[in-house]
Structures are given as structure tokens and as C-alpha cells.
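Enquirer: Structure in C-alpha cells, see below.
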Protein chains: 2
Amino acid sequence: MKFSCDKISLLNAVNKVIKGVTPRTTLPILQGILLTAKDNKLVMYSTDMEIGIECKVDAEIVEEGSIVVSSKVFSDLVRKLPENTIYFTTDQDYIVNIKCGLSEFTISGNSSEEFPEIPEVLKEITFSINQNVLKEMIKMTSFCVAQDMTRPILTGILMEISKNTINMVALDGYRMAIKKYISEDLLLKEFDDFSVVIPGTTANELVRIMEDNDDNVYVSFTGNQILFEINDTKVISKLLDGNYMNYKAVIPKDFKSIVIIEKDDLIGAIDRASLLASNKSNLIKFTFNERELIISSNSEKGKMSERVNIDIEGNLIEIAFNSRYLLEALRVIDSEKIKMNMINSINPMIITPVEDDDYLYMVLPVKLNG
Amino acid sequence: MKFSCDKISLLNAVNKVIKGVTPRTTLPILQGILLTAKDNKLVMYSTDMEIGIECKVDAEIVEEGSIVVSSKVFSDLVRKLPENTIYFTTDQDYIVNIKCGLSEFTISGNSSEEFPEIPEVLKEITFSINQNVLKEMIKMTSFCVAQDMTRPILTGILMEISKNTINMVALDGYRMAIKKYISEDLLLKEFDDFSVVIPGTTANELVRIMEDNDDNVYVSFTGNQILFEINDTKVISKLLDGNYMNYKAVIPKDFKSIVIIEKDDLIGAIDRASLLASNKSNLIKFTFNERELIISSNSEKGKMSERVNIDIEGNLIEIAFNSRYLLEALRVIDSEKIKMNMINSINPMIITPVEDDDYLYMVLPVKLNG
């Protein structure tokens, strides 16, 4: 194998591919990155057998071929090389020679035969979505996926696709987030409504790999695999097996108490209340009067209370929450005001942005003593 | 005690004082910050019995007094309060009430009687120095202080003061850094030449507390204590006991090989060479010819070599170093070119900036095998 490429493009791609390498693996070869020189591209690929990340870089190929290099040594090296053309040569003993400027390196690689092949995802079903939109949808839901493995399906994000609408849903038994997106030019070809469950880890990895621009992501499915393509980068992941729960059935109706409040004031007050909440429960209390929400907390560290102005319709109730469950949701909502919909101190509260019908957050209250 | 003050000034001061609180202490009271309201100032003080940090903030004092509060709770609270006036009240049971905007907090404090008193440093000897200059002097030397306690005196930085000159020296048996500063208006009153040894931890703490401006630091000594005053902040530290070694005696003369080289090229090449140096020894080799320095390394990870252009006078030698010992020094030198002065592959090398006579770095080579 013999090729040359530009350092900046290579580094940019290495920084993405390295995210697919898991530090803890029983298969030592997976600590490596597969380099393949072919058709005037250098293709880099890493995988932990759950997720695979592929990046292509323009390269001048003198001799095609492939090799596996240590992800640690290779990425450190590319990062530290001068900004110049990098020349690679490998021999039949898997020795890699790298030249750049006045520097010359020799490192040993491994045969690419031992490395898992890049899976082919048949593009049976495909749609495209702006990467900033997809990133926002994941950020607004993924924090709700279950962290424990008692119900593995809940460690993923449900994605429902129906003509011009995508719904993403995550829930962990204490809270649930639903984000909807509607677009007229979503589907690339016609297909029936369907849904998949994407592992939470894949979704978070994808957020880290997506860039901050409006380029499209092409999403394809086949069998139990999903493929995300963004320009020269591909993320391939397994989907979670099993049926997701009927989440619509648990959303309460007939609210008795509806409150509108400035989001930033609420975040500030909850954040301060959580300082003096017990470390274990993060319990903070909401008490409503006709003009104000009084947020309070009380623990061995001390006690606090803060008043926030509100508009309220309905009953003046008392209700308590885990402050973390409120803050995580409020911080992903991009709306000046939010609406809190409550029934009583036992039933779940629904939070929705006032300026956006496409997001719903549901959270269970904590039982008040006495 | 009853006073009010502005949130931003208070936060700024808390962020400095908190650095004096050590997370590991056998005396629980030292996890606290002493607050004293007096003479229209709130004085905050923290100490770990080695270093003490005091900050003053303008305050409106209604009732003088003092109390100790948990550094963790208090600093979190001040950080998260809205930007507004903060009102403090304490009662005889050491309960602290804090009001700010629509927020009200109650936390428990402790009697100030158990807290160590702020030491008085008699200003027998005093000089003043620009804080950016002092920061640079510390940064250029402190990385050389000994990390192990076999010779405690070497864990400090020697500061020698002689009329219009300050010398700072640190050494650990493998390398030594000397930074000189000359100023006509250094001394605030006449005194004889003298020297002290400042603990390395104090010096590093001071760097973290000093701001990025040309304000003066007033330095005073008495007995075994040193006091640094920067505007409303004081850092008080013990000095190290004992005689510092006669460092001038170990500086070699009569160099046989003098090399001038671009500093950034050298740093880049050493940085890359260290990638493939053994993790344990960091050993990299220098080989000189009449136009170039060839830097190379070789380990189980692979091997590399890089050529850097030089001007050389004298012998063409081979010499090896711990790359970390070179990089740490080169990164604090602010000069485009540096001079490397060598005798042979066994004696120490001296590095000096070409554009600055006031810095000297000495480093022992590593023995080459064979």
C-alpha cells in the first residue's frame, strides 16, 4: 500500500474514527483502525462490534491495499505531524513508513484480514434530515434513556417514521421525552410507517460526530442495522431488538392546574434549591399561590426558598420533584416560557414549551412526606 | 453579624479564597471559610495551616462580627445567586440567613473561635514586583522543583534578593532552572542581600491567584513567613527551613559544542520523537552533523527520526535526553531561537534563549547504551 494525503483532512477524519474505538475490548485488534487505500480515497474504519465508524479522505493512491494500525499511536502521530503532505508506505511485513516534512516514522501494523469487515447496509428504507435538526432531536430525548439494563429496550431511543413525520421517544420509568419533527421532503422513497429503537450510546456518539452545519444526514435501515451517512462519514449501528412500550397510553389528560412560567427564572431557582436539597433524593418542593411558585428545599445542609412569578389556571397544589429530572429537561428546551400541566401531587407533570408544540416532557413527582 | 455586598465582587473573591481550602484535612473546621465583617469590608480567609489566603470585598456593614461557613456550600451558593445585592445576617446560634433577589437561604455556620487566626506578618523586608513578571519567573522555574521529599528544601524555589536583582532557582537533581530579574525600583526600603526558599506549592497557588495585569505584588518577609499582597488579596505562607545547595558550583563551563536552533522546530521534533520513545525513559537521541540535528527515538512502538536545521560551532557529538525534561523547559522559553551548550554526551547541557540573558536551564543527559 502506498498513498499520500493532506494532514488537516486526515486529522479531521481520524478525530471522528477514533470515537468508534472502545478503550475496553477483549479483541485487541479492535484497538486498531483499519486503513484501506482504494479508488483515490483513504478509507478509515473503527468498530466495537456494536457501532462502526467509517471516514473517507481524498488521497493520492500509488498502490492500493489495507492495514490495521494502533488507534492510539496513529492518532497521536497524525495530530503532531506538521501541516504538510503525509506519505505512507507499507511492506509485506505490515511495517508502516510515514514521512512528513523532515520527519520519518516507522511503526508496525497488523494484517487487515483479522479486522471485522465494514458491514454493507442495504438501503431498503432511506430518509434524509438536516444534521442540526437530528442533533437537536437526539439531545432533547437521549437524556431520558434508561441507564440500567433491566429492560434493555429502554436503553434506546424509539424512532417512529410516518410519511412526513419523525417522532423520537425516550423514557426510563421516571420521565419521558417526546420530540416530533415534520418535514415535507423527508422521505427519499415511499415506504410504510415503521419504527426502530436506536441504542442510546449510538445516538450520543452520532451527536459527537455530527458537525455544526445544515448538511443532510442520510439514514437507511435494513434488518437490525441502521446507517447514518454525513458527507464522507458513515456511522453503522445495530438496532435494539424487541417491542417498545406503548408510551402514548401513559400520557395523562384532564389537567387541573396549568402554569406558565419564564424558563430561565425557573432554571435559576431550581438550580439554587438543589444546592440545599438532600444529595440522595435531590428533592425540591413546589408550592403554588395565585401569583407565585414557591420553590423550596430542606436538608442537613440548610434550607432555602425562592419565589418565581407565574400565570396559573386551576388548583393551587403542592408537588415535589427530583431537581435533576427537571433541570435536565429545562436545559434542552429552547423557549422563553414553558407550560407545566399538573393534575395533583401524585400524577405525572407534563412540561411543554409555550412556543413549540413539538416537544413533550413528562416527569413523575416524588411523594411528599406527611 | 449583618452586612450586604455585591454578588460579582463576592464571587470573584470567593473563587480566590476557595483555593486555600484543602480537600483533605484532619481538622474539619479548615474545610470552612472565615468571614469577618469589619470596617466596611468583608474579609474572607482560608488556610490549610501551610498557606493562608485572605480576600477583602467592599461591603455595607450593619453589624460587625465573624463566622465560619462551609467552603463548598458557600461557594456553590454565591456562584449560583442572581447578579444582585446579597444580604447576610447571622444569629447567636451561628445560623446564617442569605437573601438575594427573591431567594432566601438558611445555612448553619460555626463559631470563628475555632478557626486559626490570620497571621500577622511584620513587614521587616519588603519589595514590589509587577505580577506578570512574578508569574513568569515562577512558571519558568517551578516545574524543576523536586517532587520527592528526600531533600525537602529542593521542593521549594530559592529566591535570592540583592539590591536591584531577584534570582529564582529550582532544581531536582536532574535539571535546574535559573531566572533573573533586574529592576531599578524593586526595593521599598534598604536591606542586605538575603535569600529564602518558597514552597513550590505556594508558588503554584500564587500563579493561580494572580490576575493577568501589571498590578504590583508587594512581597514581605519575617522570620519563617512570606506575605504576598495584590490589591485586596493576601497570600501568607511558611518558608522552607534549611540551606539551599550551592547551585552555582554545578554549572559547567568550557563548552565544546554550541548549537543555535529554532525553538518551535525543536519542540515539534521532540514532541513527535517522544511519541515513539519508550514510555518509561522517554529517551530521545540527538545526533549532530554540520548542518542538522537528527532527533531520533526507538521503542517497541516503532522508531522515528527527524532533521532540524542548526548553526553549530565545535564538536559533532551524540547525546540523549529524557524528552519530557526538554519539552517542559522549551515550552516556558519565550524566544524564537535557543542556544544549546554542550561538552560531551555525559556532562549537563545548558539551554539559554538567544534573545534573553536572564534564563538558564541545565539538564543532565541520559547515558547512551553501547
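The values are calculated or read from the model by the stated rules, or taken from the named source; none is laboratory data. Note that the structure is predicted; figures quoted are calculated from it, not measured. Here the Cβ positions follow ideal geometry from the backbone for every residue, glycine too, while neighbour counts run over all protein chains shown. To get the accessible areas, we keep the full protein, side chains included, count just its heavy atoms, and leave off ligands, DNA and RNA. Shrake-Rupley method; radii C 1.70, N 1.55, O 1.52, S 1.80 Å.
Enquirer: Check B:V73 against each of (1) modelled with pLDDT of 95 or more; (2) crowded, with 18+ Cβ neighbours inside 10 Å and name the one condition it does not meet.
Expert: Tallying (1) modelled with pLDDT of 95 or more; (2) crowded, with 18+ Cβ neighbours inside 10 Å, B:V73 fails exactly one: (1).
Conditions tested, residue by residue: (1) of a type outside the set (S, T, Y); (2) at pLDDT 95 or above.
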{"residue": "B:V219", "(1), (2)": "yes, no"}
{"residue": "B:K248", "(1), (2)": "yes, yes"}
{"residue": "B:I258", "(1), (2)": "yes, yes"}
{"residue": "B:S296", "(1), (2)": "no, yes"}
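Enquirer: Could you please give the count of residues in the range B:40-68 that are modelled with pLDDT of 95 or more, surrounded by fewer than 18 Cβ atoms within 10 Å (Cβ to Cβ) and of a type in the set (D, E)?
Expert: Residues flagged as modelled with pLDDT of 95 or more, surrounded by fewer than 18 Cβ atoms within 10 Å (Cβ to Cβ) and of a type in the set (D, E) within the range B:40-68 amount to 4.
Enquirer: Something else: At least 2 residues that are open to solvent by 60 Å² or more (accessible area, probe 1.4 Å) and more than 16 Å from B:I284 (Cα to Cα) in each: list the strands (runs of 3 or more DSSP E) lying fully within the range B:297-358 that qualify.
Expert: It comes to B:302-314, B:337-342.
Enquirer: A further question follows. From A:N282, A:N246, grab the single residue that is over 18 Å from A:F321 (Cβ atoms) and open to solvent by 20 Å² or more (accessible area, probe 1.4 Å). Please lay out each step first, then the result.
Expert: Working: A:N282 fails: over 18 Å from A:F321 (Cβ atoms).
Every option except A:N246 fails the conditions.
Enquirer: Assess whether B:N315 counts as being touching a strand residue (DSSP E or B) at 6+ places or on another chain (Cβ under 6 Å) and at pLDDT 95 or above. Please lay out each step first, then the result.
Expert: Numbers: touching a strand residue (DSSP E or B) at 6+ places or on another chain (Cβ under 6 Å): yes; at pLDDT 95 or above: yes.
When the stated conditions are applied, B:N315 passes them.
Enquirer: Looking at (1) more than 14 Å from chain B (Cβ to nearest Cβ); (2) modelled with pLDDT of 95 or more; (3) outside any loop (DSSP other than H, G, I, E, B), find the lone condition where A:S195 falls short.
Expert: (2)
Enquirer: Please specify each residue of the range A:278-298 satisfying the condition of being within 12 Å of chain B (Cβ to nearest Cβ), farther than 17 Å from A:N341 by Cα and within 34 Å of the chain's Cα centre (by Cα).
Expert: A:N279, A:S296, A:S297
Enquirer: Filter the range A:359-370 down to residues that are assigned to a loop (DSSP other than H, G, I, E, B), modelled with pLDDT of 95 or more and open to solvent by 30 Å² or more (accessible area, probe 1.4 Å), then give me how many there are. First the steps, then the outcome.
Expert: Filtering the range A:359-370 for residues assigned to a loop (DSSP other than H, G, I, E, B) gives A:364-365, A:367-370.
With modelled with pLDDT of 95 or more added as a condition, the list becomes A:364-365.
Now drop any that are not open to solvent by 30 Å² or more (accessible area, probe 1.4 Å), which leaves A:364.
The qualifying residues number 1.
Enquirer: Follow-up. Kindly indicate which of A:I182, A:I209 is within 16 Å of the chain's Cα centre (by Cα) and not small (G, A, S).
Expert: Only one candidate passes the filter, namely A:I209.
Enquirer: What's the number of the condition A:R324 fails, among (1) within 14 Å of chain B (Cβ to nearest Cβ); (2) without any contact (Cβ under 8 Å) to a residue 60 or more places away in the chain?
Expert: It fails just one condition, (1).
Enquirer: A further question on this structure: Just need a number here: residues in the range B:128-154 that are within 12 Å of the chain's Cα centre (by Cα) and within 19 Å of B:Y325 (Cβ to Cβ).
Expert: Residues in the range B:128-154 being within 12 Å of the chain's Cα centre (by Cα) and within 19 Å of B:Y325 (Cβ to Cβ): 8 in total.
Enquirer: Oh, and also: Could you tell me whether A:N204 is in a loop (DSSP other than H, G, I, E, B) and in contact (Cβ under 8 Å) with a residue 40 or more places away in the chain? Steps first, please.
Expert: Numbers: in a loop (DSSP other than H, G, I, E, B): no; in contact (Cβ under 8 Å) with a residue 40 or more places away in the chain: yes.
The answer is no for A:N204.
Enquirer: I've got another one for you. Looking at A:D241, A:D214, A:D232, can you tell me which residue is touching a helix residue (DSSP H, G or I) at 6+ places or on another chain (Cβ under 7 Å) and of a type outside the set (V, I, T)?
Expert: The match here is A:D214.
A quick yes/no check of all residues on (1) within 9 Å of another protein chain (Cβ to nearest Cβ); (2) modelled with pLDDT of 95 or more; (3) open to solvent by less than 40 Å² (accessible area, probe 1.4 Å); (4) at positive phi:
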| position | (1), (2), (3), (4) |
| --- | --- |
| A:E83 | no, no, no, no |
| A:I95 | yes, yes, no, no |
| A:K99 | no, yes, no, no |
| A:I125 | no, no, yes, no |
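Enquirer: State the number of residues belonging to the range A:157-184 that are out of contact with any Asp or Glu (no Cβ under 7 Å at 6 or more places or on another chain), of a type outside the set (S, T, Y) and within 21 Å of A:L327 (Cα to Cα).
Expert: 11
Enquirer: Then there's this: Given (1) surrounded by 20 or more Cβ atoms within 10 Å (Cβ to Cβ); (2) of a type outside the set (V, I, T); (3) part of a loop (DSSP other than H, G, I, E, B), where does B:L158 come up short, assuming only one miss?
Expert: Result: B:L158 passes all but (3).
Enquirer: Of the conditions (1) closer than 16 Å to A:I51 by Cβ; (2) aliphatic (A, V, I, L, M); (3) touching a Lys or Arg at 6+ places or on another chain (Cβ under 8 Å), A:V235 satisfies every one except a single condition; which number is it?
Expert: (3)
Enquirer: Confirm whether B:S257 is open to solvent by less than 50 Å² (accessible area, probe 1.4 Å), more than 14 Å from chain A (Cβ to nearest Cβ) and either under 24 Å from the mean Cα position of the chain (by Cα) or closer than 30 Å to B:V17 by Cα (or both). Give the derivation first.
Expert: Values: open to solvent by less than 50 Å² (accessible area, probe 1.4 Å): yes; more than 14 Å from chain A (Cβ to nearest Cβ): yes; either under 24 Å from the mean Cα position of the chain (by Cα) or closer than 30 Å to B:V17 by Cα (or both): no.
For B:S257, the condition - open to solvent by less than 50 Å² (accessible area, probe 1.4 Å), more than 14 Å from chain A (Cβ to nearest Cβ) and either under 24 Å from the mean Cα position of the chain (by Cα) or closer than 30 Å to B:V17 by Cα (or both) - is not met.
Enquirer: Out of B:K179, B:K189, I need the residue that is touching a residue at least 24 places away in the same chain (Cβ under 8 Å), open to solvent by 90 Å² or more (accessible area, probe 1.4 Å) and not assigned by TED's automatic domain parsing to the domain that holds B:A329. Which one? Break it down stepwise before answering.
Expert: Numbers: B:K179 fails: open to solvent by 90 Å² or more (accessible area, probe 1.4 Å).
Among B:K179, B:K189, only B:K189 is touching a residue at least 24 places away in the same chain (Cβ under 8 Å), open to solvent by 90 Å² or more (accessible area, probe 1.4 Å) and not assigned by TED's automatic domain parsing to the domain that holds B:A329.
Enquirer: Something else now. Answer with yes or no whether B:S220 is touching a residue at least 24 places away in the same chain (Cβ under 8 Å), away from chain A (no Cβ under 14 Å) and open to solvent by less than 50 Å² (accessible area, probe 1.4 Å).
Expert: Values: touching a residue at least 24 places away in the same chain (Cβ under 8 Å): yes; away from chain A (no Cβ under 14 Å): yes; open to solvent by less than 50 Å² (accessible area, probe 1.4 Å): yes.
When the stated conditions are applied, B:S220 passes them.
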